[in-house]
Amino acid sequence: MVKVVVTGIGLVSALGKNLEDSWQNLLLGKTGIKLYQPFPELGIIPLGLIAETPSSLSTLTEIIVNAALHDAQVVSPLPDCAVVIGSSRSYQAAWEMMARQIDQQEAGLNLDNWLNTLPHMNAMAVARQIGATGAVLAPMAACATGISAIAQAAMLIKTGQYQRVIAGAVEAPITPLTITGFRQMGALATTGAYPFDLQREGLVIGEGGAVLILESAELANQRQAKIYGEILGFGLTVDAYHRNSPEPTGKSAIIAIQQCLKRSHISPTDIDYIHPHGTATQLNDRIESKIIQSLFSPKLAISSTKGSTGHTLGASGALGVAFSLMALQHKILPPCVGLQQPEFNLNFITSAQESKIQQVLCFSFGFGGQNAVIALGN
């Protein structure tokens, strides 16, 4: 079977404008979450903004892709490279702006470029940016988008269709509709993100993204590339239960974990660390904790990074994979920032600590019951 390895990472988050800064700030237990009022009518709320105002999806994606290429030491054009770049919100900010202009009948409204704001066009823009003429996929799977994209990319390599794929997810979701929607659901925090904490309030929306350069081990070794780690396997399922609540027993998520372990040829006892979904919402953290307790040792190291970056929605799984690869490479477990008083009996890492980890799992459990799990190894 073809081995799939990661040779480059591009990442931007509220925690830092590149991978190294984000990682170092995470290890220091810092958070990029602050109180902002980007839209006067919605009041002051905690957000994970990269700058003082919401980012542009196109600009953010271009920066992250360039960083990934530079890190992997590959130069465009890359005609034989496939592109799998997802986003759960995509160009929603542009659509909201156009809708507002139409509603207010503003003069000078220009809809000539509306086709460029369709959901798949960000992935198409990446293909143009790097000169890729291979397959282009633009998955949308709610908060499971990032891991789904990386899983689909790994399959393109494992099946021999491509030797190299650029994959991940980018999100610029801080818009009036997104904030209002999550607020209406009662899912938004009022002061910050505190994953798995007794006093957790809900999620904090963040922006950012992570993009990986995936290659066959053969190609990576041939060009003597730096290797962060290997994609061992993945599991993708759906609850088919409710539009936004997870299935109470977590049975479909458990199947995704079991699928991932089986395809990776490892057992629960082989896992050294889990990067959970860990949104800091009441339901997610409770059910996710039960799932982990049912399958793994209570001594297994656990930490969510959403207390640092905010919840980057569709990009969150890609950020989780990137941070987990850094943990594998540097043999350091990142802390669960924001966690003060755990509600659940699990081994939460609250400050960075050295650990000879070799195999890790990343979870993403999205609204609508979309479950994505991926295993990474040295």
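What pairs come out if I take residues in the stretch 147-164 that are under 14 Å from residue 373 (Cα atoms) and pair them with residues that are part of a loop (DSSP other than H, G, I, E, B) whose C-beta lies under 7 Å away, six or more apart or interchain? Hits for this filter: 148/139; 149/139; 152/139.
Within this structure, residue 179 fails the test of being among the hydrophobic types (A, V, I, L, M, F, W, C) and surrounded by 24 or more Cβ atoms within 10 Å (Cβ to Cβ).
Can you tell me which residues in the stretch 61-73 are among the acidic types (Asp, Glu) and either surrounded by fewer than 21 Cβ atoms within 10 Å (Cβ to Cβ) or farther than 10 Å from residue 213 by Cα (or both)?
Residue satisfying the conditions is 62 alone.
Hey, does the stretch 81-90 have a residue that's within 17 Å of the chain's Cα centre (by Cα), charged (D, E, K, R) and surrounded by 18 or more Cβ atoms within 10 Å (Cβ to Cβ)? Let's see the steps before the verdict.
Residues of the stretch 81-90 within 17 Å of the chain's Cα centre (by Cα): 83-90.
Remaining after also requiring charged (D, E, K, R): 89.
Within this subset, residues satisfying the condition of being surrounded by 18 or more Cβ atoms within 10 Å (Cβ to Cβ) are 89.
Yes, there is a match, as at least one residue in the stretch 81-90 is within 17 Å of the chain's Cα centre (by Cα), charged (D, E, K, R) and surrounded by 18 or more Cβ atoms within 10 Å (Cβ to Cβ).
Taken as a whole, the condition of being buried (at least 24 other Cβ atoms within 10 Å of the Cβ) and modelled with pLDDT of 95 or more does not apply to residue 135.
Restricted to the stretch 172-182, and to residues that are out of contact with any Ser or Thr (no Cβ under 9 Å at 6 or more places or on another chain) and in contact (Cβ under 8 Å) with a residue 24 or more places away in the chain, which residue is nearest to residue 143 (Cα to Cα)?
Within the stretch 172-182, the subset out of contact with any Ser or Thr (no Cβ under 9 Å at 6 or more places or on another chain) is 175-182.
Imposing the further condition that a residue be in contact (Cβ under 8 Å) with a residue 24 or more places away in the chain reduces the set to 175-180.
Values: 175: 17, 176: 19, 177: 17, 178: 13, 179: 15, 180: 18 Å.
Out of the qualifying residues, it is 178.
Does the stretch 27-36 include one or more residues that are part of a helix (DSSP H, G or I), buried (at least 17 other Cβ atoms within 10 Å of the Cβ) and within 15 Å of the chain's Cα centre (by Cα)?
no
So, in the stretch 310-346, how many residues would count as being over 21 Å from residue 298 (Cβ atoms), part of a helix (DSSP H, G or I) and aliphatic (A, V, I, L, M)? Working first, answer last.
Step one: list which residues in the stretch 310-346 are over 21 Å from residue 298 (Cβ atoms), which gives 310-323, 325-326, 328-332, 337-338.
Among the residues that remain, those that are also part of a helix (DSSP H, G or I) are: 313-323, 325-326, 328-330.
This time we only want the ones that are aliphatic (A, V, I, L, M), so: 313, 315, 318-319, 321-322, 325-326, 328.
Adding up the residues that qualify gives 9.
Annotation: of all residues in the stretch 253-271 being buried (at least 19 other Cβ atoms within 10 Å of the Cβ) and not aliphatic (A, V, I, L, M), the one that is nearest to residue 182 (Cα to Cα) is 260. Here residue 185 clears all of (1) at pLDDT below 95; (2) touching a His at 6+ places or on another chain (Cβ under 6 Å) except the condition numbered (2).
Within the stretch 68-105, the residues that satisfy the criterion of being in contact (Cβ under 8 Å) with a residue 60 or more places away in the chain and in a helix (DSSP H, G or I) are 68, 69, 70, 71, 72, 92, 93, 96.
Looking only at the stretch 295-309, which residues are surrounded by 24 or more Cβ atoms within 10 Å (Cβ to Cβ) and in a loop (DSSP other than H, G, I, E, B)?
Within the stretch 295-309, the subset surrounded by 24 or more Cβ atoms within 10 Å (Cβ to Cβ) is 302-309.
Across the stretch 295-309, the qualifying residues are 303, 304, 305.
Would you be able to say whether some residue in the stretch 41-60 is touching a residue at least 40 places away in the same chain (Cβ under 8 Å), over 18 Å from the mean Cα position of the chain (by Cα) and either farther than 30 Å from residue 340 by Cα or surrounded by fewer than 16 Cβ atoms within 10 Å (Cβ to Cβ) (or both)? There is at least one residue in the stretch 41-60 that is touching a residue at least 40 places away in the same chain (Cβ under 8 Å), over 18 Å from the mean Cα position of the chain (by Cα) and either farther than 30 Å from residue 340 by Cα or surrounded by fewer than 16 Cβ atoms within 10 Å (Cβ to Cβ) (or both).
Of all residues in the stretch 215-230, those satisfying the criterion of being out of contact with any Ser or Thr (no Cβ under 9 Å at 6 or more places or on another chain) and closer than 21 Å to residue 261 by Cα are 216, 217, 230. For the stretch 182-201, the tally of residues that are surrounded by fewer than 23 Cβ atoms within 10 Å (Cβ to Cβ) and small (Gly, Ala, Ser) stands at 3.
The values are calculated or read from the model by the stated rules, or taken from the named source; none is laboratory data. Since the structure is predicted, the reported quantities are computational estimates derived from the model, not experimental observations. Neighbour counts are summed over all protein chains in view; Cβ atoms, including those assigned to glycine, are modelled from backbone coordinates with ideal geometry.
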